[in-house]
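Working notes for the structure below.
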Amino acid sequence: MAIRQELSRSDVFHFAGHALSGVKRSGLVLASLPDGQGVNNEPSLLSAGELDKADLQRLQLVVLSACATAETEKGFVSPDTLVRDFLRAGVPHVIATHWPIDSHSTKQMMATFYSQVLDKLSIGQALQQAASQLRVQPATAHPYYWAAFNSYGR
């Protein structure tokens, strides 16, 4: 898959999509390419276990902008979370979510986050600023809209 191939050449990996966080299967849901006959196969899953095989030395930041990417049904203590595997592979900064997220507010939050990172704020400070901007807006003041994202790593 293209994502697996490109991870070793990337400094930042931002995933915006769907994730599964179950006891039997967890990972990022990836679209499949059509087979030779033009038929789309079932979506595939980029699981935490597959990350051990990937060369992630170049990655400096992973943003998992999908539902419940920091946990499995067993919680964060499970050894097979995506966050733990990215950190074990040497990625210094991972941002992930603890519950299902709202697409519209997440889009706003990520735009502010990257703007702050480009303005030289640390990953943690940029995430905090992005959450603060959502928190002061009446439509997104509830923690559901801004508190799901957490920063892990350095």
- Item | Computed lengthening from ASP11 to GLN128, 0.36 nm per intervening residue step minus Cα-Cα distance | 39.9 nm
- Dividing the convex hull volume of the alpha carbon atoms of the chain by its residue count, what do you get in Å³ per residue? 121 Å³
- Hey, what do the phi angles of segment 3-16 turn into as Karplus ³J(HN,Hα) couplings, whole Hz, using 6.51/-1.76/1.60 and θ = phi - 60°, x for Gly and Pro? 4, 4, 5, 7, 4, 6, 10, 10, 8, 10, 10, 10, 10, 10
- Phi-derived 3J(HN,Hα) across segment 103-119 with the Karplus relation (6.51, -1.76, 1.60, θ = phi - 60°), rounded Hz, x for Gly and Pro, is 4, 5, 5, 5, 4, 4, 5, 5, 4, 5, 4, 5, 4, 5, 5, 5, 7
- Query: What nm value, rounded to one decimal, do you get for the distance between GLN60 and ASN41 when each label is placed 7 Å out toward the C-beta?
  - Reply: 3.5 nm
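Coordinate-derived values only; no laboratory data. All of these numbers come straight from a predicted model, not from anything done at the bench. Please note: Cβ atoms are built from the backbone with ideal geometry, for glycine as well, and neighbour counts cover all protein chains shown.
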